[in-house]
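What follows is calculated from the coordinates using simple rules that are stated; it is not laboratory data. The structure displayed is predicted, hence computed values, not measured ones. A quick note on method: Cβ atoms are made from the backbone with ideal geometry, for glycine too, and the neighbour counts reach across all protein chains shown.
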Amino acid sequence: MANPRPDQKNEPWKDPGAQPYVRLEKLTKKFGDFVAVDDVSLNIYRGEIFCLLGGSGSGKTTLLRMMAGFERPTEGRIWIDGTDVTGTPPYERPVNMMFQSYALFPHMNVQKNVAFGLRQDKVSAGEIDERVMDILKLVRMESFVKRMPHQLSGGQRQRIALARALIKRPKLLLLDEPLAALDKKLREHTQFELLNIQDKLGVTFVVVTHDQEEAMTLASRIGVMNHGEIVQIGTPTDIYEYPGSRFVADFIGSVNLFEGRIVEDEPDYVRVTSDELGGSFHVGHGVSAAPDAIVWVALRPEKILLSRERPDGDGDNRVEGVVAEVAYRGDQSIFLVKLASGRQMRVTMPNTLRQGDGDRFRWDDRVWLSWDSSSPVVVTQ
Amino acid sequence: MQGGGPRGKPFLLGELLAWIRAHGPWRWASAELSARGYSGRTLVTAVPYLWLLLFFLVPFLIVLKISVSEIRLAMPPYEPLFTWISDNVVGLRINFENYAFLLKDSLYWKSFLNSISTAAISTVICLLIGYPMAYGIARSPAGWRNLLLLLVMLPFWTSFLLRVYAWIGILKNNGVINNVLMALGIVDEPIVMLQTNFAMYIGIVYSYLPFMVLPLYTAVEKLDNSLLEAAADLGCRPVKAFFRITVPLTKAGIIAGCMLVFIPAVGEFVIPALLGGPDALMIGRVLWEEFFNNRDWPVASAVAIVMLFVLVIPIMIYQRSQGQQLGAHR
């Protein structure tokens, strides 16, 4: 809903002739012996919201700080809008950043904080006032001009930090965990506001986050980082539905991962046997892997159906088990089903009916799990 | 044994301790106090007030009393404030001559002005040297900071007087500096440094620099580095960011450091006497001469009282800015 429509106009990365707006070329950053960012190359296009997603210590913030100019890359080059800015100090880059801590100047009121960037550029006082009011209206904080930062709530500070970063009309806005300090409701609300503002101003956003939901909501593309490397780049759908590795499958959402071996290898399908899953299974996409190689089958919990009776049809892609745990979450229920091999499968079902109608599954019920052959993904690493 | 039977020794001991806990002096005192409407908190806060009352207010009142009495050749060398005129009439004599004398004789206000300007110049020099030091220490790797702070405080481990005498050894005509300069052939005759204003400033700045560095360090160390990054990100060059972000946000440290240097430097006696020239008229020296050479306790007390009020004004300014700081960060 919130993501840009998948038409050609919004997918410049698919156009080989498109010029990237930000180009990172073999960037490496070492702190002593520790490699924070390891040989990252990345193209970001004009108007994108690119999310760098990763756990703590994955190097995502270091990568962002190199784009802002706070860290000098040990190796590699950074190009912004066709200019090599690798050695350019932060105060000369056409880039603004919104800090995780917001970094509002505590001795200046809202007006002075927001105007700070324009003051550095010798803009006339009249124009400064006008532009400050415009940007404060955009973030709906125009009635707070005289407040000091310590008189604002977390959400209000976040808006002021955003306004301050946007006032110089940067072509590229870097956001470091922009919503991490907000509570869940406010965070969801602000996500859509950020999208709205980005749409209005046409700024290119690079967002660092550890929150996969945030990345899924905001991003045109996501770069998943691990140990200083980008392990996969793709649209939120790509990343979720076609993870390229066990790490990505496991990091984004929850997943059931099973070790297996390819026994039939055809261009449009493969058959995988898995002792953990107890049988052989039909996967509806081709895999480039050596025959008999060890692979992993990733199966999302919401793509599995539970039933009391054995489902009709041919014998593929179904397995029997016993319900070991039930967790009621309101919008959905989570079931842990123990298979004959001892492995547990995680299954989620939306609660389309009110609970208590007797047909739900309970502890120790024998159930059948089944899934469509297009649902599982086979990953080789 | 099950935690001490009724006839066992542990029982007796435990009982005794319990009794002391229940009826001991602490419990008794706190019960008595709370019965009169005082809590333990009152007791604790009473300690500094008592200290100030005994060791500041009482001596201040004594000095104030002496300053409005008259000199006499006796022991103590001043007239009593109260005298028995007859059996049941007490006479009170207050004498403002001493204060009038301070105004009449230019020696006093000149030495006041000289002390204040010397202290002010020393404070500025301390700030100019101390700020980069404090900044450098606060921005050095975390492991180094404690060592560097220790080095700043290290001179306190030797006596203040010894350190001033060491400067005499360095600055005198056949001292370390002049010997080196003459040995290298840079100068033929020793440069006269001792007993000049130059030597006095060196002594004051050297002695009071740690008092400037420590509060500045605390202020700079607390400064969030992301604020400077934010300033740079918004197009502010480092030097400008220092004056627009770092200085305003370390103002409390700057004021504290300046007060800690300025206030004792105004009353400084030892350094001007040992390192300064004969024309270095400092109020501390005048005070010394009035007390010990002229034995004019009333005039000396009047000088002390005036000096106190000269110093109270900057302290009050400091207090007010501290109050504002507290208000701003609440």
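Just name one of A:Ala215, A:Thr204, A:Ile233: the one whose Cα is farthest towards the positive end of the charge dipole of region A:198-251 (beta-carbon charges, Lys/Arg +1, Asp/Glu -1).
A:Thr204
Could you work out the local net charge near A:Arg65, counting Lys and Arg as +1, Asp and Glu as -1, over the other residues with Cβ closer than 11 Å to its Cβ?
Summing Lys/Arg as +1 and Asp/Glu as -1 gives -1.
What percentages make up the Cα-Cα pair-distance distribution of chain A when the bins are 10 Å wide from 0?
5, 20, 25, 22, 16, 9, 3, 0
Using the Kirkwood radius over C-alpha pairs as Rh, can you work out the diffusion coefficient of region B:191-272 via Stokes-Einstein at 10 °C, viscosity 1.306 mPa s, in µm² per second?
D, rounded to a whole number, is 107 µm²/s.
Starting from the Kirkwood radius over alpha-carbon pairs of region B:126-241, derive D by Stokes-Einstein at 37 °C in a medium of 0.692 mPa s and give it in µm² s⁻¹. Each step should come with its number before you reach the end.
Numbers: Rh = 17.0 Å.
Answer, rounded: 193 µm²/s.
Under the √(5λ) rule applied to the eigenvalues of the Cα gyration tensor, what semi-axes describe the equivalent ellipsoid of region B:57-206? Give them in Å, descending. Could you put the intermediate results ahead of the total?
Values: eigenvalues 460, 117, 49 Å².
Whole-Å semi-axes of the equivalent ellipsoid: 48, 24, 16.
Which one, A:Phe116, A:Phe144, A:Phe31, has the greatest fluctuation when you compute a Gaussian network model over chain A with C-alpha springs under 10 angstrom?
Ranking A:Phe116, A:Phe144, A:Phe31 by mean-square fluctuation puts A:Phe31 first.
In nm, to one decimal, how far is the modelled label at B:Leu107 from the one at A:Glu241, with both set 7 Å along Cα→Cβ?
So the label points at B:Leu107 and A:Glu241 sit 9.9 nm apart.
Please find, in a Gaussian network model of chain B (springs between Cα atoms separated by less than 10 Å), the residue of B:Pro278, B:Pro80, B:Pro25 whose mean-square fluctuation is greatest.
Between B:Pro278, B:Pro80, B:Pro25, it is B:Pro25 that shows the largest mean-square fluctuation.
Remind me, what semi-axes does region A:254-379 give for its equivalent ellipsoid, largest first in whole Å, using sqrt of 5 times each Cα gyration tensor eigenvalue?
They are 28, 14, 13 Å, listed largest first.
If you average 1/r over all unlike Cα pairs in region A:288-339 and invert the result, what Kirkwood radius do you get in angstrom?
Here the Kirkwood hydrodynamic radius works out to 13.9 Å.
Measuring from the lowest to the highest alpha carbon on each principal axis, how far does region A:134-257 reach, largest first, in angstroms?
Dimensions of region A:134-257 along the principal axes of its Cα atoms: 54, 28, 24 Å.
Can you give the Rg/Rh ratio of the protein assembly as shown, where Rg is from the C-alpha atoms and Rh is the Kirkwood radius?
Ratio of gyration radius to Kirkwood radius for the protein assembly as shown: 1.15.
Where nothing but the Cβ of Lys and Arg (+1) and of Asp and Glu (-1) is charged, how large is the charge dipole of region B:72-218 around its Cα centre, in debye to the nearest 20? It would help to have the intermediate numbers written out before the result.
On the way: 8 positive and 6 negative charges, 79 e Å.
Computed about the Cα centre, the dipole is about 380 debye.
Given a Förster distance of 35 angstrom, what is the FRET efficiency for B:Val312 paired with B:Ser159, based on the Cβ-Cβ distance and rounded to 0.05?
For R0 = 35 Å, the calculated efficiency reads 0.75.
Counting only other chains, and only Cβ atoms inside 10 Å, what mean value do you get across the residues of A:99-108?
Average neighbour count from other chains, rounded to a whole number: 5.
Rounded if a/c is under 1.5, else prolate if a/b is larger than b/c, else oblate: which is region A:58-103, with a ≥ b ≥ c the root eigenvalues of its Cα gyration tensor? Can you show the working numbers first?
Numbers: a/c = 2.06, a/b = 1.28, b/c = 1.61.
Taking the square roots of the gyration eigenvalues as a ≥ b ≥ c, region A:58-103 is oblate.
Of A:Lys303/A:Lys338; A:Lys122/B:Lys240; A:Lys26/A:Lys60; B:Lys222/B:Lys251; A:Lys137/A:Lys185, which sit over 19 Å apart, Cα to Cα?
Working: A:Lys303/A:Lys338 17 Å; A:Lys122/B:Lys240 14 Å; A:Lys26/A:Lys60 15 Å; B:Lys222/B:Lys251 12 Å; A:Lys137/A:Lys185 22 Å.
Among A:Lys303/A:Lys338; A:Lys122/B:Lys240; A:Lys26/A:Lys60; B:Lys222/B:Lys251; A:Lys137/A:Lys185, the Cα-Cα distance tops 19 Å for A:Lys137/A:Lys185.
Fewest first, what order do B:Arg21, A:Arg346 take by the number of other Cβ atoms within 10 Å?
B:Arg21, A:Arg346
Could you state the number of Å between the C-alpha centres of region A:74-151 and region A:286-320?
Going from one Cα centre to the other spans 52 Å.
For region A:178-207 and region B:239-278, what is the separation of their Cα centres, given in Å?
That distance is 47 Å.
Taking Cα centroids, how far is region B:61-138 from region B:167-224 in Å?
Taking the Cα centre of region B:167-224 as reference, the centre of region B:61-138 is 30 Å away.
Please quote Rg/Rh for region A:186-247 to two decimal places, taking the Kirkwood radius as Rh and restricting both calculations to Cα atoms.
Numbers: Rg = 12.6 Å, Rh = 12.7 Å.
Dividing the radius of gyration by the Kirkwood radius yields 1.00.
Over the alpha-carbon set of region B:99-329, work out the extent along each principal axis and list the three values in angstrom, largest first.
Result for region B:99-329: principal-axis Cα extents of 64, 53, 32 Å.
Ranked highest first by the average count of other Cβ atoms within 10 Å around their residues, in what order do B:263-273, B:235-245, A:123-133 fall?
Final packing ranking: B:263-273, B:235-245, A:123-133.
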